[in-house]
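Enquirer: This is the structure I want to talk about, given as structure tokens.
The values are calculated or read from the model by the stated rules, or taken from the named source; none is laboratory data. Quick caveat, the model's predicted, so the values are computed rather than measured. All Cβ positions, glycine included, derive from the backbone under ideal geometry; neighbour counts span all protein chains shown.
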Amino acid sequence: MTNRERKLKVGVLGCGPIAQFTHFESCQKARNIELYAICDRAPDLLERMNAIWQPVKVFSDYQKMLDDPEIEAIIVATADAFHVPLSLQAIEAGKHVLVEKPLSHAVSECIQLKEALERNPVHFQVGHMKRFDQGIQYAKEFISDKMGAILALKAWYGDNTHRYTMTDNLQPVPIKSAQALAPHIHPKADLERYYMMAHGSHLVDTARYLAGPIASVSAKLRQKFGAYCWFVDVEFENGTLGHLDLTIKIRGDWHEGFQVYGENGSVFAKTPNPWFYKSSEVECYWEPEQQYFRPLAADGFSYRLQLEHFAEVILKGVPPTGTNLAEGLEITKTMIAIKRSIREKRSIYLDQINEGEL
């Protein structure tokens, strides 16, 4: 078998909605992935997913899946509260890891992962799939190659009141089990925390991907008529000014995008709901030629593209561009800093966030 034909043997941990909506199909359609195994503690759910996706092996015991020498990588597709402990098990077993976002709610957990990766240097990637949106990738290349110095970035992420009306028409009805393992505290019991972790993590990752590391944040939060709105002024380490708008739920259509102003041009982007599988609409203006550039970006299946890149890094050693652990830690710090800024009514520098903070 040539290197080109080689496929990464992957085990998917968790057979719940996110695996059903994207990870199983991504494994099936990816050119360099074999869905080798699936694992879940709910026997009825495991049986149904086995019948539909037909992996080589099924496991009801996670440790037994990790003990299988054929499995090279694990996709952790479980509830947020389990991301770090289950990723730690995989790292200690010498498996590469792609873990769903958000990585963690705590700096201390990220430090545990860092220490585990120092002992077991496997590839570790956080599932911020928007980095693999071809429109956003085009914008990133334009910023890096043509824009010159960045003056400012504005980015916004607005989930909307009709989101589930739209996505329910696109997604299969998720198969659930009364025997599924659930977190001790329901993730949506604290909506402020849930919205920031689930949606804010995407917004912060996109901002960092385009403009670089964040130095400090100054945030305000308003809650009215069941809606949450964060306005966050950002100072990037390279001096770029930033403004992030996270609003859940907008009365209107899905509203996501960014603008970047630079020395030699500007970028304007509109990002659709990810479940439409369409790339961002991006226009890049280049001042030297007074021209706009707009990519077609026809392949909008960013979840599959994310997984194919994950495999390329492992199988061929290509430079990783996905969100790594260090970046995942900084995203966690940023979200903690936003919470502190709101509470303390002042700017918070990320280097002020200590290991024990949640």
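Enquirer: Output the number of residues of the stretch 176-198 satisfying the condition of being among the hydrophobic types (A, V, I, L, M, F, W, C), farther than 29 Å from GLN137 by Cα and surrounded by 15 or more Cβ atoms within 10 Å (Cβ to Cβ).
Expert: So in the stretch 176-198, the residues among the hydrophobic types (A, V, I, L, M, F, W, C) come out as 178, 180-182, 185, 189, 191, 196-198.
Of the ones still in play, those that are also farther than 29 Å from GLN137 by Cα are 178, 180-182, 185, 189, 191.
Retained after the next criterion (residues that are surrounded by 15 or more Cβ atoms within 10 Å (Cβ to Cβ)): 180.
Summing the residues that are among the hydrophobic types (A, V, I, L, M, F, W, C), farther than 29 Å from GLN137 by Cα and surrounded by 15 or more Cβ atoms within 10 Å (Cβ to Cβ) in the stretch 176-198 gives 1.
Enquirer: Additional query: Pull out all pairs, ordered by first then second residue, where Cβ-Cβ is under 6 Å, the residues are six or more apart or on different chains, the first lies in the stretch 213-242 and is over 15 Å from LEU203 (Cα atoms), and the second is surrounded by 15 or more Cβ atoms within 10 Å (Cβ to Cβ) and acidic (Asp, Glu).
Expert: Once the first residue is over 15 Å from LEU203 (Cα atoms) and sits in the stretch 213-242, its partners that are surrounded by 15 or more Cβ atoms within 10 Å (Cβ to Cβ) and acidic (Asp, Glu) give ALA215/GLU235; SER216/GLU235; SER218/ASP233.
Enquirer: Separate question: If you scan the stretch 57-81, which residues turn out to be within 20 Å of VAL126 (Cβ to Cβ) and not hydrophobic (A, V, I, L, M, F, W, C)?
Expert: Passing the criteria: TYR62, GLU72, THR78, ASP80.
Enquirer: Condition test on GLN137, is it in contact with a Leu (Cβ under 7 Å, 6 or more places away or on another chain), closer than 26 Å to ILE74 by Cα, polar (S, T, N, Q) and crowded, with 20+ Cβ neighbours inside 10 Å?
Expert: Details: in contact with a Leu (Cβ under 7 Å, 6 or more places away or on another chain): no; closer than 26 Å to ILE74 by Cα: yes; polar (S, T, N, Q): yes; crowded, with 20+ Cβ neighbours inside 10 Å: yes.
When the stated conditions are applied, GLN137 does not pass them.
Enquirer: So, of the residues in the stretch 207-242 that are of a type in the set (Lys, Arg) and over 21 Å from the mean Cα position of the chain (by Cα), which turns out to be surrounded by the fewest Cβ atoms within 10 Å (Cβ to Cβ)?
Expert: The residue in question is LYS224.
Enquirer: Moving on to the next point. Kindly provide the set of residues from the stretch 301-351 that are small (Gly, Ala, Ser) and surrounded by fewer than 18 Cβ atoms within 10 Å (Cβ to Cβ), ordered by number.
Expert: GLY317, ALA326, SER347
Enquirer: Select from the stretch 117-133 the residues that are in a loop (DSSP other than H, G, I, E, B), in contact (Cβ under 8 Å) with a residue 12 or more places away in the chain and not acidic (Asp, Glu) and list them in ascending order.
Expert: ASN120, VAL122, HIS123, GLY127, HIS128
Enquirer: Checking the structure you have, find out if any residue of the stretch 273-291 is crowded, with 21+ Cβ neighbours inside 10 Å, among the aromatic types (Phe, Trp, Tyr) and under 15 Å from the mean Cα position of the chain (by Cα).
Expert: Checking the stretch 273-291: not a single residue is crowded, with 21+ Cβ neighbours inside 10 Å, among the aromatic types (Phe, Trp, Tyr) and under 15 Å from the mean Cα position of the chain (by Cα).
Enquirer: In the stretch 162-242, which helices (runs of 4 or more DSSP H) lie fully inside it and hold 3 or more residues that are modelled with pLDDT of 95 or more and of a type outside the set (S, T, N, Q)?
Expert: 201-211
Enquirer: On the basis of being crowded, with 19+ Cβ neighbours inside 10 Å, small (Gly, Ala, Ser) and within 14 Å of ALA337 (Cα to Cα), does SER201 make the cut?
Expert: yes
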